[in-house]
1. So GLU92 clears everything in (1) crowded, with 17+ Cβ neighbours inside 10 Å; (2) not in a helix (DSSP H, G or I) except one condition, right? Which one?
2. Return the total of residues in region 51-76 being in a strand (DSSP E or B), in contact with a strand residue (DSSP E or B) (Cβ under 6 Å, 6 or more places away or on another chain) and not polar (S, T, N, Q).
3. Quick test of your reading of the structure: LYS66 fulfils all but one of (1) surrounded by 15 or more Cβ atoms within 10 Å (Cβ to Cβ); (2) of a type in the set (D, E, K, R); (3) at pLDDT below 95. Name the failing condition by number.
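The values are calculated or read from the model by the stated rules, or taken from the named source; none is laboratory data. Quantities reported herein were computed from a predicted structural model and do not represent experimental measurements. Here the Cβ is made from the backbone with ideal geometry for all residues, glycine too, and neighbour counts use every protein chain on show.
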Amino acid sequence: MMKRVLSGLICLAMIACLSTFAIAAEESIIVGTITADNQIVDNDGQAFLIKQNKQGEDIIEFVGKKAQVKGTVLEADGKKTIKITSYELIEEKK
């Protein structure tokens with residue numbers, strides 16, 4: 001009996017952990033400015049480190065420009081990283 005209860009609790013804990021990762025890895029849209037530190041900083045001042053993939057390498061060429069990026073945001077040790085799946089530069093009005 002005790003073995004079943006323990007197995008059930010372990011299963012529930014695993015489901016809870018997997019659910020947390022699924023929620024944390026949702027696709028997001030961020031509008032912000034690309035920095036020389038390989039980040040995008042949104043209008044609220046929140047910084048997201050740009051993960052190195054094809055889109056991440058491409059967008060870093062636009063340091064100082066404003067962009068709308070779509071991608072998966074992950075957080076570890078209080079730092080947010082975005083793996084960009086697509087982006088669009090935003091023309092600033094003069």
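1. For GLU92, the failing item is (1).
2. So the first thing to find is which residues in region 51-76 are in a strand (DSSP E or B), and the list is 66-76.
Applying the additional criterion that residues be in contact with a strand residue (DSSP E or B) (Cβ under 6 Å, 6 or more places away or on another chain) yields 66-74.
Pick out the ones that are also not polar (S, T, N, Q) and you get 66-67, 69-71, 73-74.
Final tally of qualifying residues: 7.
3. (3) is the only condition that LYS66 fails.
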